[in-house]
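Written below as structure tokens is the structure these notes are about.
Since every read-out is calculated from the coordinates, none of them should be taken as a lab result. In this text the structure is predicted, and so the values were computed from the model without any measurement. As a convention, Cβ positions derive from the backbone with ideal geometry for all residues, glycine included, and neighbour counts pool all protein chains shown.
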Amino acid sequence: MRKTILVVLACLVYVFSDAQVTYEEIASSRLSSVRKLKIKLPKDYDSKADEKYPVIIVFDGDYLFEPVAGQVDFQTYFDNMPGAIVVGIMQGENRFYDGYYEPGTGLPTESGLRFHDFVSDELLPYIDKKYNTSKFRVAVGHDNMGNFINSYLFKEGLAFQAYVCISPDFVGSLNNFISKRLSLFKDDIFYYLATSQKDIPQLRESILSTNSQIQEVDNQNLTYYFDDFKGENHYTLVTSALARSFEKIFDIYNPLREKELEEKVLPYEGTLDNYLTDRYKRIEKLFGIKKEISENEIEKVIKIAEQREDLKSLAKLGALANKLHPESLMGTYYLAQSAEKLGKTKKAKKLYESALTLNDVSHINRDFIFSKIDELTVVDLDEDIDDDDDDDE
């Protein structure tokens, strides 16, 4: 039921944003013909801005473009992935020739090889030249084209950094070499594979075999995900696979979740400000997107620092919050807390007082800050009295 609701919502989002879709043509010397494209830009796309966007190339754009574009709109609405430029290749009656392969290897040959080169040598440079693209590209293919996109794994210099293979019709011996190829990459690469219990039996058998081989790959640069959907067939699994694949490929772009906090942040060796900044540096490196660390993200990590009783991390996270959000009282507040817990009462009091001059944060109670100032004032007076008594003696 939940999956159905998500699919319907994704489709509705797409319907309302259909006006952003443009239709273009590109003349290809490789194909000696003109190819039609469907292109959808991010909602706030500005050609004059510096912001860059990942590119999603949709093979079989005739029928697969709309589900992909709808899913992208849906996930970007909830900030689960960055805005992306979606490009659908209209293949129509050329589909058979575009996917033409050598029976033994399963790799494209003749018209299939020409289409392969059209995408990598003509289409991608065309999109990069015309739009604000980042270096991160995703290839999406289903059935024959799910098999075809694997050919880019064997091309020198990666044309795509992520592969979404939905119920691919593996042919020849290609599937036996995918795992070997994936084991060799020294840069980050994402690979998603999906089938279903009601998939075409021949395809399903080959996909399950391929999955078993890929699971044996030991390569820290490979991020691999596999789904075997229940109750879906060769066609209905498409929407579920798109939702899952984008969720997984762009997982690090998501706000921090409980699982990551428990499994990665809590046991992290070092101060937690480094975990947070390194995470966002990786987002920028992978997707070419500079994403700001929000106050909410800092607050999540601060709770882990408190759980660890890690005062050094608490102070560094407070300093990070001050640097990134200087108008907010949050950073100064946690610097004050750190100082107080270290017994530096005068410093803590001054920090609490300065926090009150900054902008409110909903989850920090200003009345509590006033009470802390009063409490520390009393402590300071007691310390001064004790000092006077010592002097009298």
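Side notes on the structure shown:
- ³J(HN,Hα) computed for each position of the stretch 270-282 - Karplus, 6.51 cos²θ - 1.76 cosθ + 1.60, integer Hz, glycine/proline x: x, 6, 6, 5, 5, 4, 5, 5, 5, 4, 6, 5, 5
- Measuring between their Cα centroids, the stretch 329-354 and the stretch 116-160 lie 53 Å from each other.
- Cα-based convex hull volume of the chain per residue, rounded to whole Å³: 169
- At 1.567 mPa s and 4 °C, Stokes D of the stretch 255-314 from Kirkwood alpha-carbon radius, µm² per second: 110
- FRET efficiency estimate (nearest 0.05) - Cβ-Cβ, ALA49 to PHE78, R0 25 angstrom: 0.65
- With neighbour counts taken as other beta-carbon atoms within 10 Å, the residues VAL72, VAL378 rank, fewest first, as VAL378, VAL72.
- For the chain, the mean residue ellipticity at 222 nm estimated from helices alone is -14500 deg cm²/dmol, where every DSSP H run of n ≥ 4 contributes -39500 (n - 2.57) and the total is divided by all residues, rounded to the nearest 500.
- Cross-link pairs LYS130/LYS291; LYS135/LYS291; LYS38/LYS290; LYS129/LYS186; LYS316/LYS349 - those with Cα-Cα distance over 20 Å: LYS130/LYS291; LYS38/LYS290; LYS129/LYS186
- Note on the stretch 153-217: percent of Cα-Cα distances in each 10 Å bin, starting at 0 and stopping at the bin with the largest distance, equals 19, 54, 24, 3.
- Fraction of C-alpha pairs exceeding 20 angstrom in the stretch 209-297: 52 percent, rounded to a whole number.
- Principal-axis tilt of helix 61-77 within the chain, Cα atoms, nearest 10 degrees: 0
- Amide H contacts under 5 Å for TYR53, placed H, 5+ residues apart: THR133, SER134
- The convex hull defined by the C-alpha atoms of the stretch 269-362 has an orientation-averaged projected area of 6.2 nm².
- Fluctuation leader among ASP50, ASP251, ASP273 - the chain, Gaussian network, Cα springs under 10 angstrom: ASP50
- GNM on the chain, alpha-carbon springs under 10 angstrom: the most fluctuating residue among ASP44, ASP169, ASP218 is ASP44.
- Computed from backbone phi with θ = phi - 60° and the Karplus coefficients 6.51, -1.76 and 1.60, the 3J(HN,Hα) list for the stretch 327-343 is 7, 8, 7, 4, x, 5, 4, 6, 5, 5, 4, 4, 4, 4, 5, 8, x Hz; x is used for glycine and proline.
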